[in-house]
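Following: one structure in structure tokens, then a few remarks.
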Amino acid sequence: MRYFKKTIVAILAVVVVTITFYNQYSSLKKDIKSTAEAKEALISRYIDLSKGFIDMMAIYSSDYFRHSISKDADLYSLLTYNSEFNTYNLDAIAGTGAQKNAGNLTGMGTIPDSGVYRDEMNMALELNRHFASIYNKIPDIAWVYYTSRNNFINIYPWVSSNEFSFKEDLKAEKFFTYAAPENNPLRDSVWTPVYVDHAGKGLMVTLSSPVYNGDVFM
């Protein structure tokens, strides 16, 4: 009889443990599902925001060329040429109020005096106000930037050229090649696969949109 009672107690204990575990498991499953759905909704919102922003910037950039705006951007005169390395940068705004609202434009070669190349650099500098707005609206964003086939980049937020500056091999990266005409004849905005960030922020994906001056890929 005593053995029978012990067996009943043991069975009841197992049943209680099983029910408790099942309830906790069910609750955990619901929490995970709820968290995943919330994350999915947030990511979808960021994707939609990103697409809207980048399409807007691509349109703005193309319109800039179309209207032949020849006035220099406010920061153009602060670009500094380094004759030793044949490069230029916008390091001059470090520590000023402009640093918060502008990227660092770095490139190879000399600073152009005139022409489409100069227009393109001015356009890239004018994009800063859009860069700052986008960066503040999407918390998980790492960088917003314009990379030119004419060997320069304007990258926001500002980072010293000693830490990161334009290198020609950037044009071989997926964020550039995926948007180029040979891979994107329809001129759409495109997502890259995961890659390692050149500026040191680890693994990321990029949404890229091509900019054209008429039919010339910029």
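Scanning segment 96-122 for residues that are without any contact (Cβ under 8 Å) to a residue 24 or more places away in the chain and polar (S, T, N, Q) turns up 96, 114. Across segment 31-55, the qualifying residues are those that are of a type outside the set (D, E, K, R) and surrounded by 14 or more Cβ atoms within 10 Å (Cβ to Cβ), and the one among them that is nearest to residue 217 (Cα to Cα) is 54.
Applying the criterion of being surrounded by fewer than 23 Cβ atoms within 10 Å (Cβ to Cβ) and within 20 Å of the chain's Cα centre (by Cα) to the residues of segment 108-126, the residue that is farthest from residue 153 (Cα to Cα) is 126. Just so you know, in segment 57-69 the residues that are assigned to a loop (DSSP other than H, G, I, E, B) and touching an Asp or Glu at 6+ places or on another chain (Cβ under 9 Å) include one that is nearest to residue 162 (Cα to Cα), and it is 69.
With respect to being open to solvent by 20 Å² or more (accessible area, probe 1.4 Å) and over 19 Å from residue 65 (Cβ atoms), residue 132 falls outside the description. When the residues of segment 161-218 are filtered to those that are in contact (Cβ under 8 Å) with a residue 24 or more places away in the chain and among the acidic types (Asp, Glu), the one that is least open to solvent (accessible area, probe 1.4 Å) is 197.
Here residue 46 fits the description: over 30 Å from residue 168 (Cβ atoms) and either touching a strand residue (DSSP E or B) at 6+ places or on another chain (Cβ under 6 Å) or touching a residue at least 60 places away in the same chain (Cβ under 8 Å) (or both). Per this entry, residue 196 is not counted among residues that are over 16 Å from the mean Cα position of the chain (by Cα) and modelled with pLDDT under 95.
Kindly evaluate residue 155 against the criterion of being under 18 Å from residue 57 (Cβ atoms), touching a residue at least 24 places away in the same chain (Cβ under 8 Å) and among the β-branched types (Val, Ile, Thr). Criteria met by residue 155. Among the residues making up segment 57-95, those that are under 30 Å from residue 187 (Cα atoms), among the small types (Gly, Ala, Ser) and open to solvent by 70 Å² or more (accessible area, probe 1.4 Å) are 68, 70.
The values are calculated or read from the model by the stated rules, or taken from the named source; none is laboratory data. None of the values given here were measured: they were computed from a predicted structure. We place every Cβ from the backbone using ideal geometry, glycine too, and count neighbours over all the protein chains shown. For the accessible areas, the whole protein counts, side chains as well, though only heavy atoms, and no ligand, DNA or RNA atoms are used. Shrake-Rupley method; radii C 1.70, N 1.55, O 1.52, S 1.80 Å.
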